[in-house]
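Here's the structure we're looking at; comments come further down.
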Amino acid sequence: MPHNTQERRRGRSTPLSDLDPALTESSRRLIGCAIEVHKELGPGYPIDIYRKALIKELEIEEVPHKTDHKIDVEFDEEVIGTVGADFFIEDRFLLNIIAEYQDVTSGDRNALRATLRAADLELGLIINFGQRRLKDGLVRVLNPDALRKDDDEDDYEDDDSEE
């Protein structure tokens, strides 16, 4: 039985190989853009500086994106509000950015996971530009509901092919 939280999390995580390869490639392109921004600026700036630099880098690299993306939240088949993500990348996944000299919190993760459920998307990323090393501020968040739905659809297709 794992003793620390990080080991327990690692045991539950979904490997990148289980995600759609095109989605994985899209996320790698975005991460490459974020690395370029962080290499040039480093930590310490307000979030707005990183936001503008990332938009510029996404445009240079021709990565399709939308900013301040709003998503309807439904309850009992009725829209009861909206949530947002900082970026919607290639119409495939969400990105939230922060610029704080602290670890990404479970609250940050939970908020993005809820937004992923509302959007019915598999993947979200949180990038914290406030970390000295960008890889220490990069967090992948998955929507287990969307991943299970994809598994169920695959099972269904497999059943059809056997008949």
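Some points to look at:
- Here the Karplus relation 6.51 cos²θ - 1.76 cosθ + 1.60, evaluated at θ = phi - 60°, turns the backbone of the range 111-126 into coupling constants of 5, 5, 4, 5, 5, 4, 5, 4, 8, 6, 10, 7, 10, x, 10, 10 Hz, with x for every Gly and Pro.
- Positive contributions from Lys and Arg (+1) and negative ones from Asp and Glu (-1), summed over other residues with Cβ under 11 Å from the Cβ of P64, come out at -2.
- Annotation: peptides 52-58, 137-143, ranked by per-residue average of other Cβ atoms within 10 Å with the highest first, follow the order 137-143, 52-58.
- In the range 20-162, lysine pairs with alpha-carbon atoms under 17 angstrom apart (chain gap of 8 or more, or interchain): 5
- Alpha carbon Rg of the range 20-162, scaled by the compact-globule rule 2.2 N^0.38 Å: 1.13
- Lys/Arg +1, Asp/Glu -1 at C-beta; the range 20-162 dipole; positive extreme among L116, P43, G32: P43
- Placing +1 on the Cβ of every Lys and Arg and -1 on the Cβ of every Asp and Glu, with nothing else charged, gives the range 20-162 a dipole about its Cα centre of roughly 1580 debye.
Every number in this text was worked out from the coordinates using simple rules, so none of it is lab data. If you're wondering where the values come from, they're calculated on a predicted model, not measured in any experiment. Neighbour counts are summed over all protein chains in view; Cβ atoms, including those assigned to glycine, are modelled from backbone coordinates with ideal geometry.
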